1. How do the pairs read when you match residues in region 257-285 that are within 26 Å of R196 (Cα to Cα) with residues anywhere that are of a type in the set (V, I, T) and in a loop (DSSP other than H, G, I, E, B), using Cβ under 6 Å and keeping only pairs 6 or more apart or on different chains?
2. Look at region 277-300 and say how many of its residues are surrounded by fewer than 14 Cβ atoms within 10 Å (Cβ to Cβ) and not in a loop (DSSP other than H, G, I, E, B).
3. Looking at this structure, is S148 surrounded by 15 or more Cβ atoms within 10 Å (Cβ to Cβ), small (G, A, S) and outside any strand (DSSP E or B)?
4. Return only the number of the condition from (1) touching a residue at least 60 places away in the same chain (Cβ under 8 Å); (2) of a type outside the set (V, I, T); (3) in a strand (DSSP E or B) that P327 does not satisfy.
5. Which one is modelled with the highest pLDDT, of the residues in region 155-213 that are among the acidic types (D, E) and over 28 Å from G375 (Cβ atoms)?
6. Do you know which residues across region 257-268 are touching a Phe, Trp or Tyr at 6+ places or on another chain (Cβ under 7 Å) and either surrounded by fewer than 17 Cβ atoms within 10 Å (Cβ to Cβ) or part of a helix (DSSP H, G or I) (or both)?
7. Every residue in region 303-337 that is modelled with pLDDT under 95 and either hydrophobic (A, V, I, L, M, F, W, C) or touching a Lys or Arg at 6+ places or on another chain (Cβ under 6 Å) (or both), please.
8. Among what's in region 371-399 and is touching a residue at least 40 places away in the same chain (Cβ under 8 Å) and of a type in the set (K, R), pick the residue that is farthest from S316 (Cα to Cα).
Amino acid sequence: MATAAGDEPAPSPLPVASDSSLLASNAPAWVPDRPVPAEEGWDTGVRMPLRIATLPLSILGYAARSTTRYLEEHQLHTRVSSGVSTLAHPPLGLSLKPAHMGPGVGFSAAADWSPSLLGNLFTADLAGSTKKYTRTLLAVHRGPATFSYDYGWRPREPYFGVGIGSSDDDNSSYAWRQQRYRLTLGYRRRQTDKIRPYVSTWVGPREVTIRHGRLAPSFEDVFPGQANLLNLRQEHFVYGVQSGLDTRAGKPHWSRGFQAEFRGERFDKPIKALTIRSGNTSSPQFTRLTFSGQAGVSFWTDPRTLRLAFRAVSASPLRDVAPLLPPDFATLGAGDGLASLDLGRFRDRDLLYGSLMYIFPVSSHFEFEIHSETGSVFQRMRDAKRTNFRHSHGISLRPRTDTMVIGVIGADWSPGEFVIRYELGKGE
């Protein structure tokens, strides 16, 4: 049919698909001759080294998922939190709690008594462990002032000698007792404030006595040159000041902010009118300065947190009229830093230490932590050398509630050392 001049021809209709494969069919479905593998053999070979290297993490991840599923199904974390809250607020002012007396003390517990009729005027804290460590702390509080009496007995303290060259083949022990009276004046901003400065100062006598180690061999058997320390008693009149700034915040672990602290303490000759037993002791006089700090940054809603920590200790000047006792040295090992090493493994007058940590969640009630530490001790800070630093690395799984970390189980290692560690009820 002819069209008028200038008119466009009408478009042709779309063709209809004639491919029979697109139509419904009663033919059986195609099935491959053999099961199709998830990956080829060469894929397995290439990925095998990485799978072996991450096997411990895979095992911990499986354990975390299984444990979390059990806790959530049985609501055990809710029951534990309720039980802890009940113990923390007893009606008669008496409460039971974990005793944080350091590693290597066995199972420990503490009883805290704060009579409600006296308000916050008086507190008493008694702690003990299965390895016969004990601590007694009695305190009277009035406004910013606290007067306290502290008695501690530690019968199995590890001792490897002095200096960064100490060897774990020289493992020995010593026992020591400390008594001290202290008057403290302090100021601290409320915990709810974003920026919390704090300052305190203290003064009072202190007595320390070294005894035969209850864990054989005792230190005087391994280090005969230091046998003069056995039964040595020293008294000091101690005074000091501590100040710091704390902006840390976040939950279930602190995830942002920083803390910086300075502490200076003078161990001076005893004042006869204020001695605990007798001022007729040969005691070195020294000043210990400590600088420490930590900072953290986080990202995402459930915080993935990076932390950096630093500590420096220096004790000077020292009068050589008497030796410095083992408890007065700066130490590295276990809870003092370099967690894969024994407590007190390295000790000397001065110390440098640093650590880097990364924390990330693995489930709603568990988080995982990776850290690396380095540190060393010196007779004088000017003796610090990079080659003298020791290193330690570790991982841990941390059960948590919505508001706090309730425990840690993990492993730490360094050349020739590997330890499993755990803590319950400490939090952050």
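1. Between residues of region 257-285 that are within 26 Å of R196 (Cα to Cα) and residues that are of a type in the set (V, I, T) and in a loop (DSSP other than H, G, I, E, B), the close pairs are G257/T247; F258/T247.
2. Total meeting the criteria: 1.
3. On the way: surrounded by 15 or more Cβ atoms within 10 Å (Cβ to Cβ): yes; small (G, A, S): yes; outside any strand (DSSP E or B): no.
In short, no.
4. (3)
5. The residue in question is E207.
6. F262, R266, D268
7. A315, L318, V321, A322, L324, L325, G333, A334
8. R398
The values are calculated or read from the model by the stated rules, or taken from the named source; none is laboratory data. Computed from a predicted structure; not experimentally measured. So basically every Cβ, Gly included, is an ideal-geometry build from the backbone, and we count neighbours across all protein chains shown.
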